[in-house]
Structures are given as C-alpha cells and as structure tokens.
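Asks: Provided herewith is a single structure, encoded as structure tokens, for subsequent inquiry.
The values are calculated or read from the model by the stated rules, or taken from the named source; none is laboratory data. From a predicted model like this one, the values you see are computed outputs, not experimental measurements. Counting neighbours? That spans all protein chains shown, and the Cβs are built from the backbone with ideal geometry, glycine included. These area figures cover heavy atoms from the full protein model, side chains too; ligands, DNA and RNA do not enter into them. Shrake-Rupley method; radii C 1.70, N 1.55, O 1.52, S 1.80 Å.
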Amino acid sequence: QQQQQQQQQQQQQQQQQQQQQQQQQRQPTRRAPMLARAAFIGFGLRALSTSMYTNSFRGLLHENSTAADLTNVPARADLAVRCRCGKCAFNVTVHGKAGSPPRLLRCHCVACRRYHTSAFATLTPVDKAEIPAAGGEVPIRSHAEACRSLGAVERIFCGKCSSVLATVPSGGEHEGSALLALGCVDDASIPEALALHWQEAFEERCVESVASWWSAVPGPGSGTRTRTLRGGCACGGCRFEAVSKEGLQTQHCYCKLCRRLSGSVGQTWIPALDEDFRWTSDETLKLVRTSGHGQRHMCTRCGGVLTIVYDSQPDEIWPVAGALDDESLPEDIGGELSRAIHICCSMMQPWYRLPLDDLPRLRFPG
C-alpha cells in the first residue's frame, strides 16, 4: 500500500510538472498577438507622423532650401511649359518691366474660378507669340468668354488632355500679351529667388469674389446639415447637382495632375454619394481616365474638369468646388463644414504658400 501511495504521488507530481510546462509553452503564444498589435500600432504612429507635415508647414521651398537671395530676383526667366499628356510642351520667357521681376496675377472672378475649376487663376504675362496657336503641330484648343478683370479673353487649353495653358486678352492693358497659367509650368524651370518673390509679391484681382470654401475651416458643432450643391462648366454644356449630407467636406489637392488640369495652384474636391449626384445637363460631358486609379468627368467643349471618380470608391463621386455656383453654398460655410484638409503637399509648386489655417497637411493623397 505504501508503494502504491508513493507511485500515485509521483504520478501526480509528474502530471503537475507537465501541466506547468504546457502552460509555459502556451504563454508566449498568448502574448504574441499583443506584441504584434503593439508593434503594428507603433508602426502606424510612425507612418502617420511621416505622412503628415505640421500644421505650420506652408511650402516646400522653405523646407528644402537653406537660403535664397531675395535681393537678386531675376528680371527674366525661361520657363518650361508642359500639359498633363505631354502633347503641349513649349518654352516661354517671362520678364518684368524696367528691370523689375516678372508679375504674378491672381484673379478671383467667377469666370476665372469656373474655367480653371480652382480657387483662382494664377497667371504671369508673356509675349503672345510664344503661346502656340491652334491649327499647328501642338493640339491647341480655345474657349472664348469674358473675365471680369480682363474683359473679353480666349482661354487656351490642350485639345488632348484639357490642361489649362493660358488666357489671351483681346485688348486692354495686356493687349499683345498672353497670360501664362502657372499650373502647367515645370517647377524646376522657375528660379528659386523668383518663386520666393512670387510667394509674397502678387497682384490680386476681383477680391470681392473670393471663393468662400477656399479659406473655410470647420466651426464648432458644424457638419449637421444636408445641402444641395449646384455647379457646371464654363460654357454651360455640363451642369450637376450634388446632395452633401452630414456636412460639407473639402480636400485641397496640390498634386501635379490637379495643378496641370486646372492651370492653377490645385483643385478642391467635395465628396458625395453617387446616388445623391445627378447631371442636369450633359450634352458635352465625357468620362476620361486620367490616372491608374481614377477617372474625371470633363466638358468636351471648354475643357473644364468637373469630378473625380476613384476606382476604389465606385459608390462615390467627388465634384470640384471650383465649378460650384456660389449661390448654392451657405453664407457661413464654416458652420456646415465637417472636415477640411490639404493633401499632396509634397507635390506643391514652389511659388505658393499654404494659408495659416491650422488645417491638417498630408504629404500624399488622403
């Protein structure tokens, strides 16, 4: 009996030892997911920090440059112009008067905003002869309309990809000149000192027509109303309505595609569900693939870009804010704005500085 009791005790001790060993073996397995999650969270925080600039970031030129001699701004510069598709590529010379630096104009009139589908037109005077004419080797097209500041003008754009290239006034102070759209100028061709000068020294036209959505920031308690937005292209061939639910959202994009297609600083996009969007006029409408991840609705007559449709978001459509009717926007847009953000800031042009609006600034698409 004593031997049997001893054997039972030994067996119990062995079983306890085996259970302890099994628990120790299982313990790392239970901890592994926690460690993996912690590592993933750490990676996510590092990725987030590297994908964003601080809210005080204003432009690449100040970030990447040590110093620039602003006292030696060139009076002339040779600029390289290229549309999105590359079919319209040419060089121009910009020059100021009496040894002064070349001028930079920003026009906020409704016609310029709607044609460029941007917050404003960004233009610099050049010799009219340096802009390719329609009917030549370069596939140029034009659209005639009136700018509130310049009077009757001819808008020049690429007939293949619709990139905005220039505005040609029919008379007035710029008779014999053309106004080059800076959005299609290669950044590397702009002298650093001139780009820094243009950040501060520019002439604004029609400031009474400034787009309210460009500087709007979300206010307290905003983003609760449903609103129907209306807009269209410069020639009127394409018109749309979009219902924005649970507040407006704006994404200010500075990618090279938005810059070249608008010929300006960039484009602003407002999301809407596809079921809440409709075309009220589409006689000149065409859906064009503009990248490997999305398409854009464009007007085939005036070249205006009106929406983005992302392949990854088949149930959503993004109308461009520059084509909106001011009358369809709220007076206090900040009170209905639920989100606003600057994206693709790593692709910004050197001659522009972001406003001090404390909005998030993403390096890439958001």
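Asks: Taking the stated definitions as given, is THR280 outside any loop (DSSP other than H, G, I, E, B), hydroxyl-bearing (Ser, Thr, Tyr) and open to solvent by less than 30 Å² (accessible area, probe 1.4 Å)?
Replies: On the way: outside any loop (DSSP other than H, G, I, E, B): yes; hydroxyl-bearing (Ser, Thr, Tyr): yes; open to solvent by less than 30 Å² (accessible area, probe 1.4 Å): no.
Answer is no for this residue.
Asks: Here's another thing I want to ask about it. So which strands (runs of 3 or more DSSP E) are wholly in the stretch 69-144 and hold at least 1 residues that are open to solvent by 20 Å² or more (accessible area, probe 1.4 Å), over 21 Å from VAL265 (Cβ atoms) and not polar (S, T, N, Q)?
Replies: Values: elements: 76-82, 89-95, 105-107, 121-127.
Because the criterion is at least 1 residues that are open to solvent by 20 Å² or more (accessible area, probe 1.4 Å), over 21 Å from VAL265 (Cβ atoms) and not polar (S, T, N, Q), the strands (runs of 3 or more DSSP E) in the stretch 69-144 that meet it are 76-82, 89-95, 121-127.
Asks: Report, ordered by the first and then the second residue, all pairs with beta carbons closer than 8 Å, sequence separation of six or more or different chains, a first member in the stretch 181-198 that is within 18 Å of ALA75 (Cα to Cα) and open to solvent by 10 Å² or more (accessible area, probe 1.4 Å), and a second member that is modelled with pLDDT of 95 or more and aromatic (Phe, Trp, Tyr).
Replies: Going by the 8 Å Cβ cut-off, the qualifying pairs are ILE190/TRP351.
Asks: Tell me whether the stretch 251-259 contains one or more residues that are among the basic types (Lys, Arg) and surrounded by 19 or more Cβ atoms within 10 Å (Cβ to Cβ).
Replies: Yes, there is a match, as at least one residue in the stretch 251-259 is among the basic types (Lys, Arg) and surrounded by 19 or more Cβ atoms within 10 Å (Cβ to Cβ).
Asks: On to the next question. So which of VAL138, VAL94, VAL81 ends up being in contact (Cβ under 8 Å) with a residue 40 or more places away in the chain, in contact with a helix residue (DSSP H, G or I) (Cβ under 7 Å, 6 or more places away or on another chain), more than 27 Å from PRO319 (Cβ to Cβ) and among the β-branched types (Val, Ile, Thr)? Walk me through how you get there before you give the answer.
Replies: Values: VAL138 fails: in contact with a helix residue (DSSP H, G or I) (Cβ under 7 Å, 6 or more places away or on another chain); VAL94 fails: in contact with a helix residue (DSSP H, G or I) (Cβ under 7 Å, 6 or more places away or on another chain).
It is VAL81.
Asks: Could you go through the stretch 113-124 and let me know if any residue there is out of contact with any Leu (no Cβ under 9 Å at 6 or more places or on another chain), aromatic (Phe, Trp, Tyr) and in contact (Cβ under 8 Å) with a residue 40 or more places away in the chain.
Replies: yes
Asks: Another question about this same structure. Hey, among GLU204, GLU208, which residue is among the acidic types (Asp, Glu), open to solvent by 10 Å² or more (accessible area, probe 1.4 Å) and over 15 Å from TYR352 (Cβ atoms)? If you could, list the steps in order and put the result at the bottom.
Replies: Values: GLU204 fails: over 15 Å from TYR352 (Cβ atoms).
Checking each option against the conditions leaves just GLU208.
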